[in-house]
Amino acid sequence: MRGRSDQAWAVVKRLHHDANDPSDTAAHEEFLSMRAQIEFEQTQPTGYLGILKTPSYRKRAFLSCFVQFAANNTGALVINYYSVIIYGNLGLSGSLSLLLYCIYTLIGALGNLFSLLTVDKTGRRFVSLRSFPVSEARFRPPLADFFDFAGPSHRIFRLPCCSYPRDRHAGRVRCRAQSELGG
């Protein structure tokens, strides 16, 4: 509030005004709760060391990093960046691939708008605890198909010049690596 508690009270009173509460008791309780929280937070350590030293801040920092990590690992960015190329490789060319990219982006924007309008009513915890399992269940069948197609010797982090003992194509990989290295 930074010394402007009168302005803050006017804003809270306007936002929480209820016709059934002429004395604005609920708004006043909310305002007092906000002031108490601000006074409490001013006594807490700040900065990066404060985040690491305070257990509740450390937990919040870990959770926010985890959510960002999980969101980046959904693969949505890769699909977004290379969607026109992917559609072209699927046989769709020209303006049709661009149209599909526009539709994909529009669906994403509308989904974000829906989330923006509903997340405060449902709560972030409710949404997160239900959306991650749904996403996992949605992507499990394609991943199972991929690994089934790739065969039992599939290694996710296989280097192109390395061969593995159980690899069906070890001879070809070894030969290719030796020819590329000049051996």
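Could you compute Rg(Cα) / (2.2 N^0.38 Å) for the range 74-150, with N its residue count? Don't jump to the answer; show the numbers that get you there.
Details: Rg = 15.8 Å, N = 77, 2.2 N^0.38 = 11.5 Å.
With N residues counted in the range 74-150, Rg over 2.2 N^0.38 Å equals 1.38.
Distance in nm between label sites at residue 132 and residue 29, each 7 Å beyond Cα in the beta-carbon direction?
3.3 nm
By count of other Cβ within 10 Å, fewest leading, how are 84, 11 ordered? Mind dumping the intermediate values first?
Working: 84 15, 11 11.
With the fewest neighbours first, 84, 11 line up as 11, 84.
Defining a contact as two alpha carbons under 8 Å apart and six or more residues distant in sequence, what relative contact order in percent does the range 1-156 show? Walk me through the numbers before you get to the answer.
Values: 34 pairs, mean separation 11.0, N = 156.
RCO, the range 1-156: 7 percent.
Which of 74, 54, 43 has the fewest other C-beta atoms within 10 Å, and how do the rest follow up to the most? Working shown, then result.
On the way: 74 12, 54 15, 43 6.
So the residues, fewest neighbours to most, are 43, 74, 54.
Since every read-out is calculated from the coordinates, none of them should be taken as a lab result. None of the values given here were measured: they were computed from a predicted structure. We place every Cβ from the backbone using ideal geometry, glycine too, and count neighbours over all the protein chains shown.
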